[in-house]
Each structure stands twice: as C-alpha cells, then as structure tokens.
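The values are calculated or read from the model by the stated rules, or taken from the named source; none is laboratory data. As the structure is a prediction and not an experimental result, all values here were calculated from the model. Cβ coordinates were reconstructed from backbone atoms using ideal geometry, including for glycine residues, and neighbour counts include every protein chain displayed. Calculation scope for accessible area: heavy atoms of the full protein, side chains included, ligands and nucleic acids excluded. Shrake-Rupley method; radii C 1.70, N 1.55, O 1.52, S 1.80 Å.
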Amino acid sequence: MSALTGWRRWLAALALGATATAALPPLHLLPLLVVAFSGLVWLIDGCARRRAAVAAGWWFGFGHFVAGLYWFGHALLTDPERFAWMVAPVIIGISALLAVFPTLAALAARLASPGVGRGLALALAWTAAEWLRGALLTGFPWNLVGTAWTESDAMIQSTAVAGTLGLGLDTVAVAALPATLITTAGPARWTPTLLGAALLAAMWGGGALRLGAADTTTVDGVLLRLVQPNVAQHHKWQPERREALFRRHLDLTASAGFEQVTHVIWPETAAPFFLANEPARRRVMASVTPAGGALITGAIRTTPEPATPRRLWNSLHAINSQGEVIATYDKAHLVPFGEYVPFRDILTIAKLTYGAVDFSAGPGPRTLRVPGLPAFSPLICYEAIFPRSVVDAADRPGFLLNITNDAWFGVSSGPYQHFAGARLRAVEQGLPLVRVANTGISAVIDGHGRVTARLGLGQGGVLDAALPRALGRPTVYAGWGDWWLLVACLAGGLALVRHAGRNQ
C-alpha cells in the first residue's frame with residue numbers, strides 16, 4: 001500500500017474512503033473501519049512529500065462522501081424536469097468540497113512519526129476536521145464516524161460525556177492502530193492493537209453498566225400518537241392532491257385507539273396550507289385534537305396578506321382542541337440551495353423546495369410549552385444533526401421533538417443516517433427524543449438512546465407510545481460540549497508533532 005504510486009495510489013485511497021462508509025448506517029460493517037483507516041495510515045507512510053499526503057487524504061475523502069451522500073440524487077429526482085441534470089455535478093461537487101476535511105487530517109497525520117504516533121495523530125486530526133465540517137459554511141456534521149456505533153446501545157453511552165466527536169476519536173484511533181502490526185517489528189507490534197481492543201471493551205462495559213442502572217419510567221398521563229402518512233415527495237405539493245393528503249393525516253389521526261391519546265404529532269410540512277392564516281383548516285384539525293392536549297404539526301408560515309415583501313418560514317405549530325395556534329417555532333438552520341439560495345443577488349438558480357420564495361430563518365433553539373406535556377425543544381429536519389444547537393441552555397426542555405420529511409431521500413441510506421444522527425442527540429443531552437417523519441423512520445427514544453417505539457421506513461400508519469422521562473440531571477456533554485475535546489486534540493497533536501521533530 002505504501003509503495004503504490006500514481007493512479008493506483010489514488011484509486012486505493014478512493015476505495016478505502018468508500019469502504020469506511022460501509023461501517024456507517026445502515027450497514028454498520030464496523031470491521032471495515034480497520035481496513036479503511038489502517039490503509040490510510042499506510043498510504044500516508046508512503047508520502048515522501050506533503051502534496052502526496054494531500055492527494056491521499058482528498059481521494060480518501062472523495063470516496064467516503066460519494067458513497068455516503070449518493071442519496072442527494074434522490075432529492076434532485078423528485079423534480080426531474082428541473083433538476084435531473086444536476087445529479088452528477090451536485091454529488092461530485094459536494095463530495096469534492098467535503099473531501100477537504102479528510103485532506104487536512106491526512107496532512108496533519110504526516111507530521112507525526114510513523115507507527116503509533118501517526119495513527120493517533122490521524123484520529124486527533126480527523127476529529128478536529130469533523131468539528132470544522134460541522135461549523136464552517138453553515139455546517140454539515142452528517143455521517144460522523146461515531147454514528148457507526150448506533151447499532152449498540154452500550155457503545156453510544158460515552159457520548160453523554162465526550163459527545164459523538166469523542167466517540168469518533170476513539171473509533172478512528174482504534175481502527176488506525178492495527179497498521180502497526182505490519183510496520184512495527186517484534187512482539188511489541190501487538191501492543192497498540194490489544195490496547196485498542198481493551199479500550200473498546202471498557203467502553204462497552206461502562207455503557208452496559210450505565211444502562212443497567214437506567215431509569216425506564218415514563219411521563220404520567222401522556223400517550224403520544226405519531227402520524228407517519230408515507231406521502232411521496234413528488235405528490236406532496238400537487239394542488240389536486242392537497243385535500244386528499246390533508247384528509248389522510250386526519251383519518252390516520254382518528255384511527256383506532258385515538259380515544260386513549262393525549263397528544264398528536266404530524267411530520268414536517270404535513271399540512272400543505274398556511275395554517276396560521278386559515279382558521280377554517282384549524283377547526284377541522286381541532287376535531288382530531290385530544291381535549292386538553294394538542295396537535296403538533298409542521299406547516300409553512302407566511303406573512304399575512306397584503307404585507308410585502310412576502311416571507312416564508314418552515315414552521316411547527318401546536319394547535320389546541322379549539323383550533324387555536326398556541327405555540328409556533330420557525331426553523332433556524334436552513335438547508336442551503338434546498339430552502340434558500342446563498343448569495344441570491346448573484347445566483348439566480350431555483351431552490352429545491354416548492355415555490356420561488358426563499359425561506360427565512362427563525363431565531364434559533366427555543367423551548368415550547370403546550371398543555372399536558374413537559375417543555376420541549378422543537379427541531380425541524382436536519383437541525384437534529386447539530387450537536388450543540390438542539391436546546392436553549394437558558395431554558396432546558398424536558399424532551400426533544402424532531403419533525404422531518406425524509407421523503408426527499410427515497411429508499412436509500414439517507415433516512416437511516418439521519419435517524420442515527422438524531423438519536424445520538426438524546427444520549428448527549430440526556431433527554432428523550434420524539435421523531436416524526438413523513439416516510440419514516442419515526443420513533444421514540446429515551447435519554448439513553450434506546451429506541452422504545454419505532455415505525456420503519458416506507459410504512460404508513462400511526463405509532464402510539466408513552467414519553468420517557470428525562471434524566472435527572474444534565475449530562476457532562478450538555479454542560480461542556482466539544483470545547484474540552486478540541487483543546488485535547490490540539491494539545492495531543494502538538495505533542496505528537498514535537499515528538500516527531502525530536503526523532504528526526
């Protein structure tokens with residue numbers, strides 16, 4: 001691997017990056033992380049010049065993101081007449097841009113000494129690069145390496161302390177250390193790999209102990225009905241279908257067992273009307289709203305007529321049994337080119353979502369209160385993948401509510417990746433998470449990340465579930481976030497580089 005040159009080296013890096021993606025949801029082929037990151041270490045070992053390390057890191061990242069984000073094509077093909085031509089350019093272009101972050105990690109790893117130091121440097125730099133990816137250019141912390149462990153309730157418990165980035169740091173380090181089995185001579189070459197295996201065993205054991213002592217109680221007097229209509233995206237905004245789709249939501253809500261339900265939740269943009277401006281529609285919804293409870297739904301909000309200029313918000317409304325809007329939240333973290341076009345004065349292209357008007361951003365994390373429920377933090381669509389932006393720290397909620405429309409992703413890895421990212425927010429914050437998706441996956445998750453109820457991808461129906469209680473106190477991560485981890489990455493990286501300099 002180290003001796004490869006030219007196109008063979010770049011092809012190997014491309015393949016290794018794609019291999020790493022297979023360890024993420026929905027496949028969770030975790031041993032392939034060892035193949036991918038140990039292979040990347042060997043490629044870096046063979047880089048005599050910095051530009052060779054840059055190329056190895058970029059091709060690795062490009063393969064990783066193309067394999068992980070191919071589902072972007074599904075979103076574009078919901079309106080093929082306008083956007084089909086963009087499928088290849090968008091997937092290639094976004095993957096090429098995101099590949100810059102693994103490039104930085106590979107370049108930093110080359111500064112460390114070969115062997116254990118290089119594997120650890122790669123893990124530290126990869127973690128710092130994931131943090132940057134989640135912060136720069138509005139951020140896109142999708143498919144963090146730590147999400148590979150969402151198949152194991154025990155393994156994800158460490159995110160309550162170190163967050164998903166911390167879990168990813170351990171994962172990359174353990175996956176890269178077996179590279180020394182070949183590059184180091186003598187019996188000592190087994191030591192790094194055995195220590196890595198011991199770390200994983202300790203993390204699993206600690207997580208299992210934490211789960212063994214976990215509270216499994218639920219909130220008294222609350223029974224949620226999650227409505228998953230399973231509406232295809234290309235049908236959602238067709239004028240001739242709106243009444244039928246609205247009726248589908250109403251019929252599902254009023255189906256068998258409704259008498260026991262205290263609160264109803266519909267997904268993102270479930271009601272294809274401007275509900276805040278349409279009292280007649282709200283009165284219809286009131287007929288399927290439990291007395292003393294609420295119906296919570298996603299809907300588009302607009303400025304009242306004849307106000308100009310017209311503005312739109314991707315919103316969540318809570319409606320009571322009298323048809324009144326008692327709480328509203330406007331999505332704050334909008335999807336570039338999906339919900340708005342950056343630099344609109346320069347770029348005249350159309351946004352992906354329905355309509356010609358760009359969405360406006362809301363003010364940020366908020367805590368809402370409706371009768372009969374603990375206070376909750378609303379998260380619309382991919383707002384749930386941003387670890388440090390899911391709660392208002394000054395007004396901590398009792399649970400997280402994520403409504404989304406994953407019909408954009410089709411039947412692909414996208415919904416599973418989205419679900420895994422949202423699920424880790426529950427463990428990090430120690431708060432239950434209720435997720436309602438148009439086409440799935442809808443679920444109720446407790447504060448330890450365990451799925452207590454679930455309705456799978458592509459299924460239509462309702463899911464009735466109790467609401468788990470929040471943990472008694474905030475987690476370490478909820479208080480400290482990622483800052484201490486970033487300081488540790490910087491300090492560890494500098495120490496490894498200094499050590500390498502002494503040995504030269």
Whether any residue in segment 80-89 is touching a residue at least 24 places away in the same chain (Cβ under 8 Å) and within 23 Å of L144 (Cβ to Cβ) is what I want to check. no
Name the residue that is modelled with the highest pLDDT, counting only residues in segment 380-397 that are open to solvent by 20 Å² or more (accessible area, probe 1.4 Å) and out of contact with any Ser or Thr (no Cβ under 7 Å at 6 or more places or on another chain). R396
Some residue of segment 406-424 being among the aromatic types (F, W, Y), under 18 Å from G163 (Cα atoms) and open to solvent by less than 40 Å² (accessible area, probe 1.4 Å): yes
Among the residues of segment 440-464, the number that are surrounded by fewer than 20 Cβ atoms within 10 Å (Cβ to Cβ) and either over 20 Å from G372 (Cβ atoms) or of a type in the set (G, A, S) (or both) is 9
Out of the residues in segment 1-13 that are small (G, A, S) and in a loop (DSSP other than H, G, I, E, B), which is least open to solvent (accessible area, probe 1.4 Å)? S2
Under 7 Å between Cβ atoms, at least 6 apart or on separate chains: pull out the pairs that start in segment 380-407 with a residue that is on the phi > 0 side of the Ramachandran plot and end on any residue that is open to solvent by less than 10 Å² (accessible area, probe 1.4 Å) and among the polar types (S, T, N, Q). C381/T404; C381/N405
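Here is a yes/no grid of residues against (1) open to solvent by 10 Å² or more (accessible area, probe 1.4 Å); (2) within 17 Å of the chain's Cα centre (by Cα):
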| residue | (1), (2) |
| --- | --- |
| V100 | yes, no |
| T103 | yes, no |
| S113 | yes, no |
| L120 | yes, no |
| A128 | yes, no |
| N143 | yes, yes |
| S158 | yes, no |
| L167 | no, yes |
Would you check if there is a residue in segment 14-35 being surrounded by fewer than 20 Cβ atoms within 10 Å (Cβ to Cβ), at pLDDT below 95, in a loop (DSSP other than H, G, I, E, B) and not aliphatic (A, V, I, L, M)? no
Kindly establish whether R241 is surrounded by 14 or more Cβ atoms within 10 Å (Cβ to Cβ) and either modelled with pLDDT of 90 or more or over 30 Å from the mean Cα position of the chain (by Cα) (or both). yes
Criterion first (in contact with a Leu (Cβ under 7 Å, 6 or more places away or on another chain) and touching a residue at least 40 places away in the same chain (Cβ under 8 Å)) does H263 satisfy it? yes
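Here's the yes/no breakdown for (1) in contact (Cβ under 8 Å) with a residue 40 or more places away in the chain; (2) aromatic (F, W, Y); (3) touching a His at 6+ places or on another chain (Cβ under 9 Å); (4) in a loop (DSSP other than H, G, I, E, B):
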site	(1), (2), (3), (4)
A108	yes, no, no, no
P114	yes, no, no, yes
L124	yes, no, no, no
A128	yes, no, no, no
W142	yes, yes, yes, yes
G146	yes, no, no, no
A176	yes, no, no, no
W190	no, yes, no, no
L209	no, no, no, no
Check segment 338-359 and report whether any residue there is under 22 Å from the mean Cα position of the chain (by Cα), buried (at least 17 other Cβ atoms within 10 Å of the Cβ) and modelled with pLDDT of 90 or more. no
Within the group S377, S315, which residue is more than 16 Å from A271 (Cβ to Cβ), at pLDDT 90 or above and either crowded, with 20+ Cβ neighbours inside 10 Å or among the β-branched types (V, I, T) (or both)? S377
Just need a number here: residues in segment 36-51 that are in contact (Cβ under 8 Å) with a residue 24 or more places away in the chain and either open to solvent by 10 Å² or more (accessible area, probe 1.4 Å) or in a loop (DSSP other than H, G, I, E, B) (or both). 5
Among the strands (runs of 3 or more DSSP E) contained in segment 224-330, which hold 1 or more residues that are under 23 Å from S377 (Cα atoms) and of a type in the set (S, T, Y)? 294-302, 312-319, 325-330
In contact with a Lys or Arg (Cβ under 7 Å, 6 or more places away or on another chain) and not polar (S, T, N, Q): which single residue out of D153, D170 fits that description? D153
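Residue by residue, here is whether (1) modelled with pLDDT of 90 or more; (2) under 29 Å from the mean Cα position of the chain (by Cα); (3) surrounded by 12 or more Cβ atoms within 10 Å (Cβ to Cβ) holds:
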| site | (1), (2), (3) |
| --- | --- |
| A214 | yes, yes, yes |
| H234 | no, yes, yes |
| L250 | yes, no, yes |
| A256 | yes, no, no |
| I265 | yes, yes, yes |
| R282 | yes, no, yes |
| V288 | yes, no, yes |
| R311 | no, yes, yes |
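A56: in contact with a Phe, Trp or Tyr (Cβ under 9 Å, 6 or more places away or on another chain), in a helix (DSSP H, G or I) and over 30 Å from A112 (Cα atoms), yes or no?
Spelling it out, it is not the case that A56 is in contact with a Phe, Trp or Tyr (Cβ under 9 Å, 6 or more places away or on another chain), in a helix (DSSP H, G or I) and over 30 Å from A112 (Cα atoms).
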For G293, the lone unmet condition from (1) crowded, with 18+ Cβ neighbours inside 10 Å; (2) more than 18 Å from L226 (Cα to Cα) is (2)
